[in-house]
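Peer 1: Pasting in a structure now, in C-alpha cells, and then I'll have a few things to ask.
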Amino acid sequence: MLPHLLHKTPCRIEPVDLDATSYDPEAREEIDNMARKPAFTISAQCEYRRGMQSRTGSDLQSVMPGGTNLEEFGYILVRVRDCTSKGWTPAVGDRVAKMGHRLTDCYIIAIQPIGHYADQQGATLLRCYVQDRTPTSVAKGPR
C-alpha cells in the first residue's frame, strides 16, 4: 500500500552539497555560503503549523526587543518513493526555494519518518519541518 498526498504542491528544493562546501576547521562552520546541488521540483503536501493543534505558521509574529519579526514555520510532506526517484535524501540544511507559486526561503530543520506500512518495510512518508533563517529579510526566494 502506498500513501497519497492531499493537495499536491510542486516544491523547488535546493539540496545542500557538503562535499563542495569549504569549512573553517577551527570554527567548524562553512566559509562564505553552503554549496548547493542542482535544484529540482518534487510534489509535496505543504502545511504551515507549529503543531497539529496550533494556529497556522505562515507569518507568525514573535515580539523582539526591536519590534515584531515575521517568521515562517511549517513542514512539507513528501513520499519516500518520490524522493528515491529524484535521487534525493532529505537532509537538514536543504533549502525549499518555492512552494507552489509562492517564493520561500525556508530550510529543513528536522525530518520525521511516518506512514509505516508492513508491505513497504518502513516509512513511506517524510515530514520535513522547515523554517526561515532570516525572519526580517525582505529578499526572499531564489538567489
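Peer 1: Listing Y117, Y48 from the residue with the fewest other Cβ atoms within 10 Å to the one with the most, what is the order? Don't jump to the answer; show the numbers that get you there.
Peer 2: Working: Y117 13, Y48 17.
Sorted ascending by nearby Cβ count, the order is Y117, Y48.
Peer 1: Once amide H atoms are built 1.01 Å from N in the peptide plane, which residues 5 or more positions from D132, or in another chain, come under 5 Å H to H?
Peer 2: E72, Y107
Where a number appears in this text, it was derived from the coordinates with a stated rule and is not lab data. Computed from a prediction, not measured in an experiment: that's the story for all the values here. With ideal geometry, Cβ positions are generated from the backbone for all residues, glycine too; neighbour counts draw on all protein chains shown.
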